[in-house]
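Worksheet: the structure to be examined is printed underneath.
Taken together, the values in this text are just the output of simple stated rules run on the coordinates, not laboratory data. Just so it is clear, the structure is predicted and the values come from calculations on it, not from any experiment. Every residue, glycine as well, gets a Cβ built from its backbone with ideal geometry; the counts of neighbours run over all protein chains shown.
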Amino acid sequence: MSILLDASTRVIVQGITGREGSFHTEQMQAMGTKVVGGTSPGKGGTTHLGVPVFNTVADAVKATGASASGIFVPPPFAPDAIMEAAAAGITLIVCITEGIPIQDMIRVKDFLRGYPAARLLGANCPGLITPGVAKIGIIPQRITKAGHVGLVSRSGTLTYEVGSALSASGMGQSTIVGIGGDPVLGLTFKDVIELFEQDPQTTHLVVIGEIGGSDEEHAAELLGRGSRLKTVAFISGRTAPEGKRMGHAGAIISGNRGTAKSKEEAFRKAGVAVAETTDDIVGLLR
Amino acid sequence: MKLLEYQAKEVLHSLGIAIPAGKVARTPDEAAAACAQLGPVAVKAQVPVGGRGKAGGIKLAATPEEARKAAEQIIGMDIKGFKVPLVYCETALEIGREIYLGFTVDRDARANILMLSAKGGMEIEQVAEESPESIARLYPNPWRGPLDFELTQLVFDAGLGELARPLGALIKKLYRAIPELDAITAEINPLVVTKNGEVIAGDAKLEVDENAAWRHKDLEERYGDVVEGDPYEVEAKKRGLTYVSLDGEIGIIGNGAGLCMSTLDLVQRAGGRAANFCDIGGGAKAEVVENALAVILMNPRVKGVLMNVFGGITRGDEVAKGLVHARDNLKMQLPLVVRLSGTREEEGRKILKENGIEPGANAWEAAQKIVELTRVKA
């Protein structure tokens with residue numbers, strides 16, 4: 001078992017004919033992901049990477065029965081692509097695109113309220129992978145290994161780093177989920193942890209947060225109310241200066257919440273082990 | 001992009017919001033001339049951070065001579081790491097009462113929040129903590145913006161019902177900054193009601209979303225270059241890097257914001273201090289690595305550089321070759337420690353070693369190594 005994505009999930013790729021879309025679709029196919037088609041307006045009716053291309057997501061869903069989508073289109077078009085997927089009945093929308101304006105995402109989030117079955121992962125995220133089974137996004141298969149650890153993270157490269165350390169030590173993963181680093185996101189830590197709680201394969205949990213926002217605090221509150229998962233949390237950015245913005249890290253500190261200290265304290269209070277460095281995660285999880 | 005007060009006021013004015021008369025002065029002479037024209041003024045430092053009043057960045061001037069003196073003191077002053085490039089000379093208002101008005105992105109709610117309080121003019125954060133109920137809040141629908149009745153509710157909730165009409169109209173104007181300019185934070189504090197009953201923006205803060213810069217090239221052209229806190233950040237921006245200056249002596253390059261931040265944390269844990277944050281993104285292309293190194297080496301405080309790269313899809317040998325090339329091109333002499341991991345990491349490390357660059361087995365070891373090497377050099 002796994003969360004969100006398994007061998008039977010029928011996946012389409014929005015922007016499948018683009019450079020990024022093509023490259024990552026091939027990677028997704030190489031590990032066995034059931035990619036059933038893609039979209040690229042104007043190229044409907046053609047075939048790309050062995051799968052049919054459609055003009056719209058609605059056409060693709062009608063023809064293939066897809067329930068999940070990976071979005072690899074540039075920022076000006078990504079918000080519309082997310083809404084198109086939801087309106088077409090896609091229930092797992094994974095948006096990899098980095099650099100979407102915040103106000104666009106706020107409008108998208110409001111639109112998604114009308115489609116409660118649609119789950120959005122990202123944007124600006126590496127996607128998700130169920131090791132040895134399937135992936136949507138850009139997480140390299142090489143760093144993963146099938147097993148029982150649920151891994152959820154805001155950062156891309158830290159996910160790879162920790163995934164790879166877990167794999168090297170023999171601790172495989174059930175599913176790895178990168179929720180993304182933007183201020184306005186789809187699935188939160190809390191949403192993903194709730195799914196891991198319900199997944200019998202998952203026995204351990206690693207949460208990799210960073211400064212900014214209070215999603216980590218909410219996750220800690222949830223875990224504090226009782227969890228069957230052995231959990232380790234790590235927060236990056238404890239030495240980041242206040243008020244300085246650091247790229248897409250969402251590092252605008254506000255109020256008492258949002259600091260590395262506040263997040264670490266919230267996890268400790270919830271009885272969750274907090275790793276000082278990423279190298280400590282594996283040891284604490286054992 | 002955070003706009004300066006005078007820039008934010010220009011923008012508010014263009015949206016139809018009243019602002020006091022004022023003039024920008026880049027020299028003491030210009031400040032004197034502004035005062036001669038406007039009468040008594042406040043000479044205000046223009047920096048993109050709060051707390052300038054406490055730092056001595058605002059002075060009152062009744063005469064051109066006083067304005068000149070004030071400008072002499074303020075221009076060039078350092079306020080929280082920003083060198084004051086110019087002052088804004090503004091006529092004083094006949095204050096009747098002071099209100100707080102602002103909006104920002106509420107990350108938890110994934111929505112914009114409009115906030116209005118009758119307790120303006122003081123630390124709004126303190127108000128928020130001590131009497132949160134005195135700040136009225138509204139989450140406007142992001143597709144259609146706030147409706148009249150919602151604004152009426154907001155104004156009455158804030159205890160400002162007698163100003164319902166002018167405030168409602170003003171908030172609608174301010175809200176336009178969201179759909180029209182991709183503003184992510186705006187604040188008018190104080191929003192002044194004068195003794196004549198006019199409503200005027202006493203101060204203004206405005207931050208627009210850098211991710212939406214492609215939609216607002218005019219804003220960037222008009223205001224993009226005025227303030228430059230830090231010469232390295234300016235250079236980094238020109239080279240398209242995600243870079244933030246810090247005050248230590250170890251240059252940091254990492255791929256991915258999270259990894260880069262955790263590298264800063266490791267350096268501090270090892271007893272060193274980072275000189276910067278520099279995220280070169282997922283690809284770690286040779287050209288980007290060279291640009292990053294070039295900017296870091298501009299800073300004379302830097303005594304060594306730590307690079308932390310985890311290649312997911314990027315190949316380690318390619319990263320290593322690019323790095324050696326960049327170092328040689330830049331004739332870099334300082335210690336360089338590289339933690340390289342991911343695809344073909346063995347080959348990558350071999351290339352580094354052959355070229356006299358220290359590879360660290362893991363990030364923690366690499367952080368300790370660079371701290372040690374820079375300490376010996378010091």
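Structural remarks
- Residue order, fewest to most surrounding Cβ atoms within 10 angstrom, among A:Val61, A:Val177, A:Val133, B:Val127: B:Val127, A:Val133, A:Val61, A:Val177
- Compactness of segment A:139-285 as Cα Rg over 2.2 N^0.38 Å, two decimals: 0.96
- Here the protein assembly as shown is treated with +1 on each Lys and Arg Cβ and -1 on each Asp and Glu Cβ, and its dipole about the Cα centre works out to around 980 debye.
- Cut-off 15 Å between beta-carbons: net charge of the residues surrounding B:Ala36, Lys and Arg +1, Asp and Glu -1: -2
- Hz values of 3J(HN,Hα) by residue in segment B:72-79 - Karplus curve (6.51, -1.76, 1.60), Gly and Pro given as x: 4, 6, 8, 5, x, 5, 9, 10
- Cα long-axis angle, helix A:260-269 against chain A (0 to 90 degrees, to the nearest 10): 70 degrees
- The lysines within cross-link reach of B:Lys172, meaning a Cα-to-Cα straight distance under 20 Å and a gap of 8 or more places when in the same chain, are B:Lys9, B:Lys205.
- Shape of segment A:11-122 from the C-alpha gyration tensor: prolate (a/c of 1.5 or more and a/b above b/c, with a ≥ b ≥ c the square roots of its eigenvalues).
- Segments B:11-17, A:154-160 sorted - mean Cβ within 10 Å per residue, highest first: A:154-160, B:11-17
- Calculated P(r) of chain A - Cα pairs past 29 Å, %: 30 percent
- Each other residue within a Cβ distance under 11 Å of A:Ile90 adds +1 if Lys or Arg and -1 if Asp or Glu, for a net charge of +1.
- Test item: Cα-centred dipole of segment B:95-222, Lys/Arg +1 and Asp/Glu -1 on Cβ, debye: 480 debye
- Residue mean of other protein chain beta carbons inside 10 Å, A:154-167: 6
- Couplings for segment A:68-76, taken from phi via the Karplus curve 6.51 cos²θ - 1.76 cosθ + 1.60 with θ = phi - 60°, read 10, 9, x, 10, 10, 10, x, x, x Hz in order; Gly and Pro are left as x.
- Cα-based reach from A:Lys43 at 19 Å (exclusive), listing aspartates and glutamates while leaving out same-chain residues under 8 positions away: A:Glu20, A:Glu26, A:Asp59, A:Asp80, A:Glu84
- For the listed residue pairs A:Lys261/B:Lys80; B:Lys54/B:Lys237; A:Lys109/B:Lys80, the alpha carbons are over 27 angstrom apart in B:Lys54/B:Lys237; A:Lys109/B:Lys80.
- Volume per residue that the Cα convex hull of segment B:21-91 spans, once the total is divided by residue count, Å³: 65 Å³
- Each listed q (0.09 Å⁻¹) maps to a log10 I(q)/I(0) for the protein assembly as shown, found by the Debye formula over equal Cα scatterers with no solvent: -0.82.
- Chain B - percent relative contact order, Cα under 8 Å, separation 6 or more: 12 percent
- Helix axis angle, A:78-87 relative to chain A longest principal axis, alpha carbon, degrees: 80 degrees
- Normalising the average separation of contacting C-alpha pairs (under 8 angstrom, six or more residues apart) by the number of residues puts the relative contact order of segment A:139-285 at 24 percent.
- GNM flexibility winner over chain A from A:Met31, A:Met171, A:Met83 (Cα, springs under 10 Å): A:Met31
- The ranking of B:Glu235, B:Glu207 from fewest to most other beta carbons within 10 Å of each one's beta carbon is B:Glu235, B:Glu207.
- The residue among A:Ser8, A:Val51, A:Ala86 whose Cα reaches farthest toward the positive pole of the charge dipole of chain A, with charges on the beta-carbon of Lys, Arg, Asp and Glu, is A:Ser8.
- Counting, for every residue in B:262-268, the Cβ atoms of other protein chains within 10 Å of its Cβ and taking the mean gives 6.
- Taken about its Cα centre, chain B carries a charge dipole of roughly 720 debye when the Cβ of each Lys and Arg holds +1 and the Cβ of each Asp and Glu holds -1.
- Selected from A:Ala123, A:Ala270, A:Ala63 as most flexible by GNM, with chain A as the system and alpha-carbon contacts under 10 Å: A:Ala63
- When the protein assembly as shown is described by a simple charge dipole with +1 on each Lys and Arg Cβ and -1 on each Asp and Glu Cβ, the residue from A:Gly99, B:Ala270, B:Ile188 located farthest towards its positive end is B:Ala270.
- Helix B:316-329 axis, angle to chain B major axis (alpha carbon atoms, nearest 10°): 80 degrees
- Measuring nothing but how far apart in sequence close Cα pairs (under 8 Å, 6+ apart) lie, relative to its length, chain A scores a relative contact order of 14 percent.
- Over 31 Å between alpha carbons, listed pairs B:Lys69/B:Lys217; A:Lys62/A:Lys135; B:Lys69/B:Lys303: B:Lys69/B:Lys217; B:Lys69/B:Lys303
- Look at where the Cα atoms of segment A:174-202 and of segment B:118-165 average out, and the two centres are 35 Å apart.
- Radius of gyration and maximum dimension Dmax of segment B:265-363, Cα, Å: 12.6, 34
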